[in-house]
Amino acid sequence: MAKKSFGQHFLLDLNITRKIARLAQVGEGDHVIEVGPGPGGLTRALLETGARVTAIEKDPRFLPLLEELALAADGALTIRVEDALGADEAALAGGAPAHVVSNLPYNVGTALLIKWLTGTFTPASMTLMFQKEVAERIIARPGDDAYGRLAVLAQTTANAALVMDVGPRAFTPPPKVSSAVVHLTPRADRPAPERLAALQTVTAAAFGQRRKMLRSSLKVLGGEALCAKVGIAPEARAETISVEGFLALADAWRA
């Protein structure tokens, strides 16, 4: 039974889980980290590709099912019982490239994505199920209603595409909203950690008061003078500024 407090909605339809595994483009010998496997629907599809899977599950109720799956997987499945927000994925990957493929628990999906986009562990790729509304926020463009801090952070660090829509009836229990799968691969020009830290500060201020002009929302960081440094109109609002514009603001503030 799914726990509401964990944001659990299980994906058991093999046609859908196999399609997600194909979209993840993982195969023989690849290392996959999966968060929130629950009863192991997606885990089975990933193991079918020949990938090695490390499954991070917070809910101990699923251990018997997952351990049974691990026995049948002949060493290809490792289970970790911990909270993924505190997991050290780089250590789990052993310094080698690892792909993250997950039907993420709804209540921590965004926090986990930001961790993987901006933290010390950079996945080789991410194929992640979110609520449709969150997926749209990841791929949104300037001027879109969904465009915000998440879009800027995602698109600065990765190439992101919505690759699959999934209706509520595919899940047990069915959520009240539609879902979607987003595939992300790291950008070759991914900013260094100190640039990313500055970008997080600037976007938090700008989108924290998104209806205000940048001269007001960025006042504590330099406001009008900061905008002038990079040639951005101080009366512009956050949702109209491109990813490149925010990086320029972050660099100017850091300087």
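The values are calculated or read from the model by the stated rules, or taken from the named source; none is laboratory data. Quantities reported herein were computed from a predicted structural model and do not represent experimental measurements. As a convention, Cβ positions derive from the backbone with ideal geometry for all residues, glycine included, and neighbour counts pool all protein chains shown.
Couple of notes before you dig in:
- Only a single criterion out of (1) in contact with a helix residue (DSSP H, G or I) (Cβ under 7 Å, 6 or more places away or on another chain); (2) modelled with pLDDT of 95 or more is not satisfied by A170, namely (2).
- Exactly one residue among V243, V152, V230, V202 is in contact (Cβ under 8 Å) with a residue 60 or more places away in the chain and farther than 30 Å from L42 by Cβ, and that residue is V243.
- Residue in region 182-205 that is surrounded by 13 or more Cβ atoms within 10 Å (Cβ to Cβ), of a type in the set (S, T, Y) and more than 30 Å from I20 (Cα to Cα) present: yes
- V202 being of a type in the set (V, I, T), under 27 Å from V108 (Cα atoms) and more than 16 Å from the chain's Cα centre (by Cα): yes
- Among (1) part of a strand (DSSP E or B); (2) within 18 Å of R22 (Cα to Cα), the one test that P123 misses: (1)
- Within region 171-187, being more than 18 Å from the chain's Cα centre (by Cα) and either among the polar types (S, T, N, Q) or not assigned by TED's automatic domain parsing to the domain that holds G40 (or both) holds for one residue alone: T172.
- Tally, over region 104-120, of residues that are touching a strand residue (DSSP E or B) at 6+ places or on another chain (Cβ under 9 Å), not aromatic (F, W, Y) and not in a helix (DSSP H, G or I): 3
- Within region 155-169, considering residues that are in contact (Cβ under 8 Å) with a residue 40 or more places away in the chain and out of contact with any Ser or Thr (no Cβ under 8 Å at 6 or more places or on another chain), the one nearest to A197 (Cα to Cα): T156
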